[in-house]
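FYI, it's all coordinate maths here, none of it is from the lab. Given the structure is predicted, the values throughout are model-derived calculations rather than measurements. Cβ: placed from backbone, ideal geometry, glycine included. Neighbour counts: every protein chain shown.
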Amino acid sequence: MSASPAIVTASKDLRVRYALYLGDTSLILAQRLGEWVGHAPALEEDLALANTALDLLGQARHLLSYAGEIEGKGRSEDDLAFLRDPSDFTNLALVEQPNVDFGHTIVRQFLIDAWQLELFECLQGSSEPRFAELAAKALKETRYHYRFSSGWMVRLGDGTEESHKRVQDGLDSLWKFTAEFFAPGAVDEEAAAAGLGPDPASLRAAWLANVEQVLTEATLKKPADVSYRWFGKRNQHTEHLSHLLAEMQYMQRTYPGVQW
């Protein structure tokens with residue numbers, strides 16, 4: 001499925017906001033995964049999480065650089081990453097949630113991977129060449145991410161009593177954040193109308209089919225959908241984002257303009 005045909009010309013402001021929405025989501029998730037480096041259960045998983053974080057960071061750099069370029073205010077990718085306040089970020093709330101444990105991290109990664117698979121597939125048909133270019137590369141990376149996270153969902157869910165419990169607990173805790181994937185927001189609704197990206201609601205059926213298939217194989221129960229309106233893409237963040245940014249932005253905030 002490709003992105004909707006262009007109906008109106010996308011304004012510069014819309015392209016900036018859509019790039020930041022996608023870029024912030026990849027950036028914050030990369031930061032969360034980076035917290036695992038040196039702490040994963042085994043070397044192979046340590047390297048896999050680090051490589052996934054680097055892929056996401058590459059996506060974020062592409063998008064933030066593009067946003068800064070077309071914004072025309074002289075802000076670089078570093079400025080956008082390190083010098084914005086939490087209220088300026090528009091990442092999905094799911095990616096800012098803390099790691100808790102390995103099972104929790106795998107659940108978070110699986111849910112976002114399944115969503116990004118559908119998003120990047122559609123984004124290849126974007127009316128903006130830079131978004132289409134990113135999607136083509138990111139889709140290949142996301143397929144690898146999804147194989148890793150879905151494989152671990154099955155391995156842990158259908159593993160020991162303890163591993164099953166931890167993954168089910170993570171699923172029960174994080175499921176409410178998936179409502180934001182498909183809920184309307186100003187930036188993705190406008191982007192869909194301009195042909196920049198897909199209608200968020202159009203991604204849900206394929207996402208849910210993939211998720212339910214893996215949960216069945218993993219002997220996990222899909223939590224009930226609940227009403228939840230704490231959406232990061234509307235600048236409504238949980239308290240975890242402020243703590244994450246305080247650590248991530250420390251050097252630039254403490255030593256403005258520092259260069260290595």
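Electrostatic tally near residue 209: other residues with Cβ closer than 15 Å to its Cβ, Lys and Arg +1, Asp and Glu -1, net -3.
Positive end of the dipole of the chain (Cβ unit charges, origin at the Cα centre): among 115, 57, 68, the Cα lying farthest that way belongs to 68. Put in order of Cβ neighbour count within 10 Å, fewest first, the listed residues 105, 160, 238 become 160, 238, 105.
Charged side chains reduced to their Cβ positions (Lys and Arg at +1, Asp and Glu at -1) give the chain a dipole of some 340 debye around its Cα centre. For Cα pairs less than 8 Å apart in space and 6+ apart in sequence, what is the mean separation divided by the residue count of the chain, i.e. the relative contact order in percent? With pairs under 8 Å counted, the relative contact order is 28 percent. Based on DSSP H segments of at least four residues, each scored -39500 (n - 2.57), the chain has a per-residue ellipticity at 222 nm of -20500 deg cm²/dmol.
Evaluated over the chain, the count of Lys pairs having alpha-carbon atoms less than 30 Å apart is 20 (only pairs 8 or more residues apart or interchain). Taking only the Cα atoms of the chain, the ratio Rg/Rh comes out at 0.96, with Rh defined as the Kirkwood radius.
Here the label points at residue 51 and residue 186, each 7 Å from Cα along the C-beta direction, are separated by 4.1 nm in the simple model.
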